[in-house]
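Here's the structure we're looking at; comments come further down.
The values are calculated or read from the model by the stated rules, or taken from the named source; none is laboratory data. Just so you know, these numbers come straight off a predicted model, no measurement behind them. Note that we place each Cβ from the backbone using ideal geometry, even for glycine, and neighbour counts take in every protein chain shown.
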Amino acid sequence: MIDVKLLHKNFDETVAALLRKKVDVTLLNDLKTAHETLKSAKLAYESLQAKQNELSRLFGQYKKEGKNIDALKNEVDSNKAALVTLLETQRLAEDALDAIIMTIPNLPDSDVPHGEDENDNVEIAKVLTPRVFEFPIKDHVELGDTLGLDFEAGVKLAKSRFTVMRGDMARLERALINYMLDFNAQRGFHEMSLPYMVNADMLRGTGQLPKFEEDLFKIGDENLYLIPTAEVPLTNLLYDEIVTAETLPIKMTAHTPCFRKEAGSGGRDVRGMIRQHQFHKVELVAITHPDQSDDMLNEMVQCASDLLTSLELPHRLVTLCDGDMGFSAAKTIDIEVWIPSQNTYREISSVSNTRDFQARRAKIRFKEGKTNSLVHTLNGSSLAVGRTMVALIENGQHEDGTLTLPTVLDRYL
RNA sequence: GGACAGUUGGCCGAGUGGUCGAAGGCGCACGCCUGGAACGCGUGUAUAGGGCAACCUAUCUAGGGUUCGAACCCCUAACUGUCCGCCA
């Protein structure tokens, strides 16, 4: 979450920055008021509590000395009644503040381009040139029919947006996961195996809750949620921890399935494997010193881009404009892979620096000398496996429906 | 799933109603000692919020209750351990 103190100090600047993320200004005014209310409520409560503590101490002393305690008891009792009211006021103020601040998105970095939506994202670079096909190309749904993508079976077993992979396709998925994990390990990212369900606190820590509950699959009566990305368990491994500065940066990678309701996606991408309720993804997460996070963002983007290059997949890097950025991000660079059947680039990785936004929510700090400060957290896909398969199938297709895969995968297949 | 036991600071561990934010030890940091080190000695060593200095408030798994006052008593939950049942 954002820093309330900063909001107070630079109210106009903060409002301006958050307007770019489409935040309602009245909310920010409410937030400021709530914070002021809370401060005065706390002050009132704490000073009376201090007095009460002193009286209680006296009470014990008087009793021990056999003094009369009637007058003292009267005072203590009336204070107590007042304390109960003050505490209630404080709690209400706290809840009000919390309810607002937890729904306020992160401030965009100053160098993030302005814009409304994905059309205003700024291309940074193109890597590899898309192949020119000399025959009518098929999309991955048509090709998958013979290769082993079974969309009907997915629907039968669960519902739409689920897919079954048979034989070589199932093996390709497994190979890609292994290849990506090994690739990331070589770049110093420590491999993790994680729970695919987490509790609500963790989801608040990384920013999925309370605002985006409708995007998550909740487990019946268990109070657990299926993870929408490995970013959640990976980042929250450090939840409420204080690490020493020397241990930074902490670089981690993990493969997990990801579960998303895709509630807001309407009827987009219903065909094929682009947008699924369940998909595999290999994720990168870094916990850094505030001074390191800019470099780390580049390192992670480079890592994902190099991975795509090694898979011989044409792609481009774009900086997201403020209007298209996610809730927790201060800056996001998307990597989009070439999809021949759509004649366009589609997102296959998204790398974000959240700065101290998640760290403040998840209470992740580092100790440097005697002082504790918030770390910076970053996350990025490396890569979405299903979309990588789509890209490999479509980019590597032949006229007869067969497929050539990049040689780096040879030893994994 | 059933029965019983437990959950205290970075760790171990005392503490069963009144300066207990918490003894003691270990670890760690700094200083002394040493040619250097170990040993020894001394000092310091939680987090958050407010003043932003003294100091104040909160926190002994979490939430609720009893009490003038709770780490300590009561209730609920979570977690851990052990035994039984079940199971990959």
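If you go through the stretch A:358-375, how many residues are part of a strand (DSSP E or B) and surrounded by fewer than 21 Cβ atoms within 10 Å (Cβ to Cβ)?
Of the residues in that region, 7 qualify.
With respect to residue A:22, determine if the residue is at pLDDT below 90, in contact with a helix residue (DSSP H, G or I) (Cβ under 9 Å, 6 or more places away or on another chain) and not in a helix (DSSP H, G or I). Don't jump to the end; show me each part of the working.
Numbers: at pLDDT below 90: yes; in contact with a helix residue (DSSP H, G or I) (Cβ under 9 Å, 6 or more places away or on another chain): yes; not in a helix (DSSP H, G or I): yes.
Here the answer is yes, as residue A:22 does meet what is asked.
Which one of these is of a type in the set (D, E, K, R) and either crowded, with 16+ Cβ neighbours inside 10 Å or modelled with pLDDT of 90 or more (or both): A:73, A:51, A:64?
None of the other options fit; the residue is A:51.
Mind listing whichever residues of the stretch A:1-27 are closer than 19 Å to residue A:358 by Cα and not polar (S, T, N, Q)? Break it down into steps so the answer makes sense when it comes.
Taking the stretch A:1-27 and keeping what is closer than 19 Å to residue A:358 by Cα, we get A:1-7, A:14, A:17-18, A:21, A:23.
Selection gives A:1, A:2, A:3, A:4, A:5, A:6, A:7, A:17, A:18, A:21, A:23.
Is it the case that some residue within the stretch A:196-207 is in contact (Cβ under 8 Å) with a residue 24 or more places away in the chain and of a type in the set (Val, Ile, Thr)?
Yes, the stretch A:196-207 contains at least one residue that is in contact (Cβ under 8 Å) with a residue 24 or more places away in the chain and of a type in the set (Val, Ile, Thr).
If residue A:35 satisfies all but one of (1) away from RNA strand B (no atom under 12 Å from the Cβ); (2) farther than 30 Å from residue A:334 by Cβ; (3) not charged (D, E, K, R), what's the number of the condition it fails?
Of everything listed in (1) away from RNA strand B (no atom under 12 Å from the Cβ); (2) farther than 30 Å from residue A:334 by Cβ; (3) not charged (D, E, K, R), residue A:35 misses just condition (1).
Considering the stretch A:207-248 alone, what residues qualify as being over 21 Å from residue A:300 (Cα atoms) and not in a loop (DSSP other than H, G, I, E, B)?
Matches in the stretch A:207-248: A:213, A:214, A:215, A:218, A:219, A:224, A:225, A:226, A:242, A:243, A:244.
Considering only residues that are within 12 Å of RNA strand B (Cβ to nearest atom) and not basic (Lys, Arg), look in the stretch A:83-92 and name the one that is surrounded by the fewest Cβ atoms within 10 Å (Cβ to Cβ).
Keep residues of the stretch A:83-92 that are within 12 Å of RNA strand B (Cβ to nearest atom), which gives A:83-84, A:86-88, A:90-91.
So of that shortlist, the ones also not basic (Lys, Arg) come out as A:83-84, A:86-88, A:90.
Numbers: A:83: 16, A:84: 10, A:86: 20, A:87: 14, A:88: 12, A:90: 19.
Only one residue tops the list, namely A:84.
Going through the stretch A:96-110 one residue at a time, which ones are in a helix (DSSP H, G or I) and away from RNA strand B (no atom under 12 Å from the Cβ)?
Within the stretch A:96-110, A:96, A:98, A:99, A:100, A:101 meet the criteria.
Please determine whether any residue of the stretch A:19-31 is within 15 Å of RNA strand B (Cβ to nearest atom) and surrounded by 13 or more Cβ atoms within 10 Å (Cβ to Cβ).
Checked the stretch A:19-31: at least one residue is within 15 Å of RNA strand B (Cβ to nearest atom) and surrounded by 13 or more Cβ atoms within 10 Å (Cβ to Cβ).
Based on this model, can you work out whether residue A:57 counts as of a type in the set (D, E, K, R) and either touching a helix residue (DSSP H, G or I) at 6+ places or on another chain (Cβ under 8 Å) or exposed (fewer than 12 other Cβ atoms within 10 Å of the Cβ) (or both)?
Values: of a type in the set (D, E, K, R): yes; either touching a helix residue (DSSP H, G or I) at 6+ places or on another chain (Cβ under 8 Å) or exposed (fewer than 12 other Cβ atoms within 10 Å of the Cβ) (or both): yes.
When the stated conditions are applied, residue A:57 passes them.
Taking residue A:46, is it among the acidic types (Asp, Glu), within 6 Å of RNA strand B (Cβ to nearest atom) and on the phi < 0 side of the Ramachandran plot?
In short, yes.
Could you list all residues from the stretch A:55-73 that are part of a helix (DSSP H, G or I) and within 10 Å of RNA strand B (Cβ to nearest atom)?
A:55, A:56, A:57, A:58, A:59, A:60, A:61, A:62, A:63, A:64, A:72, A:73
Name the pairs: first residue in the stretch A:347-365 and within 13 Å of RNA strand B (Cβ to nearest atom), second residue of a type in the set (Phe, Trp, Tyr) and not in a strand (DSSP E or B), Cβ to Cβ under 6 Å, at least 6 apart or on different chains?
A:362/A:239
Only one of these is crowded, with 21+ Cβ neighbours inside 10 Å, among the basic types (Lys, Arg) and outside any helix (DSSP H, G or I): A:355, A:275, A:346. Name it.
Values: A:275 fails: crowded, with 21+ Cβ neighbours inside 10 Å; A:346 fails: crowded, with 21+ Cβ neighbours inside 10 Å.
Result of the check over A:355, A:275, A:346: A:355.
Only one residue in A:313, A:317, A:378 is of a type outside the set (Gly, Ala, Ser), at pLDDT 95 or above, surrounded by 18 or more Cβ atoms within 10 Å (Cβ to Cβ) and part of a loop (DSSP other than H, G, I, E, B), so which one is that?
A:313
Name the residues in the stretch A:368-382 that are within 12 Å of RNA strand B (Cβ to nearest atom) and polar (S, T, N, Q), would you?
A:371, A:372, A:373
If you go through the stretch A:6-18, how many residues are within 14 Å of RNA strand B (Cβ to nearest atom) and closer than 14 Å to residue A:107 by Cα?
Residues that pass the stated criteria total 2.
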